[in-house]
Structure formats: structure tokens, C-alpha cells
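J.: This is the structure, below, for whatever I ask next.
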Amino acid sequence: MTALPRLFFATAAIFALTGMAWGIHMSASGDHTLAPAHGHLNLLGFVMMSVFGTYYALTPKAAAAGLAKIHYGMSVVTVVTMAPGIALAINGVDEILAKASSVLAILTMLVFLVTILRNRAD
């Protein structure tokens, strides 16, 4: 496995552990108000990053491209802005971070689609 897929998987594990700890905290406190933010952390942070890592592990040519590194950076920024953005929106502070990170999430998935289309199986 090349470095980039390993980076996606390691980052996914960090996000998963963070999400799990947050879930335990919510359970212990009995306050599940931020469950949507917790869910997005797990979905985007663990599932999405793991799917991307799997694709790049199976497609080394795609992992070697410069766009793959940009894709990793966009993915991380998406996760670290989405969960707090949703938490802020739920708490009535502001919705701008949730909205901006939602657009970034779509762009991140668009980069993934472009990557897939550029690296068709022979």
C-alpha cells in the first residue's frame, strides 16, 4: 500500500475514535442534541475517508497523481469543518460553517468522481 491510502485510513481511524468518544460522552451525559454532528463526523470522517483510501489502495496510478493529494486535503478540511459547523447550527450560533462545509463536501466528492473517471480500468 502506498503512503496516500495509508494516510486516508489513519485519518479515518482518528476521526472514528473521535466520533466514538463523542458518542460515549453523549450517552454518559444523556444529551444527544448534537447527534447529527456526531453522525456526520462518523460518516464523513470514517466511512468517506475509508472509501477513498480503499479506492486509492486499489488504484495506485490514481494515488500517485497530484489531484489525489488535493483530494486528501479537501477531505480533511470537509470533516473538520462539517461537524463543528453542524454543532454551531444546532446551537443556534451560526449556519455559515455548516453551509460552507456542505459545499466543500460536494466539491470533494466531485474531485473523487473526476479521479475515478480519469483512472478507468484497462
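The values are calculated or read from the model by the stated rules, or taken from the named source; none is laboratory data. For clarity, every value in this text was computed on a predicted model and none was experimentally measured. Here Cβ is always computed from backbone atoms with ideal geometry, including for glycine, and neighbour counts include all displayed protein chains.
J.: Criterion first (modelled with pLDDT of 95 or more and in contact with a helix residue (DSSP H, G or I) (Cβ under 8 Å, 6 or more places away or on another chain)) does GLY73 satisfy it?
T.: Against the criterion (modelled with pLDDT of 95 or more and in contact with a helix residue (DSSP H, G or I) (Cβ under 8 Å, 6 or more places away or on another chain)), GLY73 does not qualify.
J.: Follow-up. Let me spell it out: the conditions are (1) without any contact (Cβ under 8 Å) to a residue 24 or more places away in the chain; (2) surrounded by 15 or more Cβ atoms within 10 Å (Cβ to Cβ), and GLY73 meets all of them except one. Which number is the exception?
T.: (2)
J.: Next up: Taking the stated definitions as given, is LEU67 touching a residue at least 24 places away in the same chain (Cβ under 8 Å), part of a helix (DSSP H, G or I), crowded, with 18+ Cβ neighbours inside 10 Å and out of contact with any strand residue (DSSP E or B) (no Cβ under 7 Å at 6 or more places or on another chain)? Give the steps one after another, and end with the answer.
T.: Working: touching a residue at least 24 places away in the same chain (Cβ under 8 Å): yes; part of a helix (DSSP H, G or I): yes; crowded, with 18+ Cβ neighbours inside 10 Å: no; out of contact with any strand residue (DSSP E or B) (no Cβ under 7 Å at 6 or more places or on another chain): yes.
Considered against the rule, which asks whether it is touching a residue at least 24 places away in the same chain (Cβ under 8 Å), part of a helix (DSSP H, G or I), crowded, with 18+ Cβ neighbours inside 10 Å and out of contact with any strand residue (DSSP E or B) (no Cβ under 7 Å at 6 or more places or on another chain), LEU67 comes out as no.
J.: Here's a follow-up. Among the listed residues THR59, THR11, identify the single one that is buried (at least 18 other Cβ atoms within 10 Å of the Cβ), polar (S, T, N, Q) and more than 23 Å from LEU104 (Cα to Cα).
T.: Values: THR11 fails: more than 23 Å from LEU104 (Cα to Cα).
Result: THR59 is the single residue among THR59, THR11 that is buried (at least 18 other Cβ atoms within 10 Å of the Cβ), polar (S, T, N, Q) and more than 23 Å from LEU104 (Cα to Cα).
J.: List every residue pair whose Cβ atoms lie under 6 Å apart, where the two residues are 6 or more positions apart in sequence or sit on different chains, the first residue falls within the stretch 1-23 and is under 18 Å from LEU58 (Cβ atoms), and the second residue, located anywhere, is of a type in the set (Ser, Thr, Tyr) and surrounded by 16 or more Cβ atoms within 10 Å (Cβ to Cβ).
T.: LEU4/TYR56; PRO5/TYR56; ALA12/SER50
J.: How many residues are outside any helix (DSSP H, G or I) and closer than 17 Å to THR33 by Cβ when one looks only at the stretch 78-121?
T.: Within the stretch 78-121, the subset outside any helix (DSSP H, G or I) is 91-95, 119-121.
With closer than 17 Å to THR33 by Cβ added as a condition, the list becomes 91-95.
Residues in the stretch 78-121 being outside any helix (DSSP H, G or I) and closer than 17 Å to THR33 by Cβ: 5 in total.
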